[in-house]
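Comments concern the structure below.
The values are calculated or read from the model by the stated rules, or taken from the named source; none is laboratory data. In this text, all values refer to a predicted model and were calculated from it rather than measured experimentally. Heads up, the Cβs are rebuilt from the backbone with ideal geometry, glycines too, and the neighbour counts pull from every protein chain shown.
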Amino acid sequence: MKETSKIVATAVAAVAMFIGMNASAQTNERPDSQAWRLGVGVSAGLPTNDNYNIAVGGDLRLQKDFFSNISGTLSAGYTNFSVKDDAKASLGYNSLGFIPVKAGIKIFPTERFYISGEVGAGFGTDEGQGTALVYAPGIGLGFNNGVDLGLRYEGFAQNDTNLGQVALRLAYGFNLSK
């Protein structure tokens, strides 16, 4: 990963964690909701491989609350890695697409701040691309109005190839239990 990308990712993660920890002073105990939510999100990321410019995508995420501070997630979407102009000839393609299908968990140490982890499969959208293992640790803020702002590292591991991104996700969640 480029040195600048590492610095930016570290700074953003530190700020998000600081905001999340400060929010804990204003939390109230809430009962276990057992709610179901459906989130629709878009994301943009900085690829960790120098051959790619940007990664963009969208997803649907189903979330089930198990306790007031622990939720399970299932998500599916599409992620596209755009190839830099100077790398197109050597790679032989303009972009690389995946359909990631993941299961995960979100833990809320405070009312709005969460730590998440997801794992699953990334199905290649191009002929001969195959399937990659996808893993995505992250942090984020979930607001009472349904807005979710998350920061994650998402890695795609396939044979000898590892491709990843540091991505920012903006989503809106609909409460399906009402």
Practice prompt. Would you be able to say whether some residue in the range 32-39 is modelled with pLDDT of 95 or more, part of a strand (DSSP E or B) and within 21 Å of residue 162 (Cα to Cα)?
Written response: no
Within the range 67-82, residues at pLDDT below 95 and assigned to a strand (DSSP E or B) come out as 67
Considering the range 49-65, residues that are over 20 Å from residue 125 (Cβ atoms) and modelled with pLDDT under 95, and then whichever is surrounded by the fewest Cβ atoms within 10 Å (Cβ to Cβ), we arrive at 50
Note on the range 102-120: residues closer than 21 Å to residue 166 by Cβ and either surrounded by fewer than 20 Cβ atoms within 10 Å (Cβ to Cβ) or not aromatic (Phe, Trp, Tyr) (or both) are 102, 104, 105, 106, 107, 115, 116, 117, 118, 119, 120
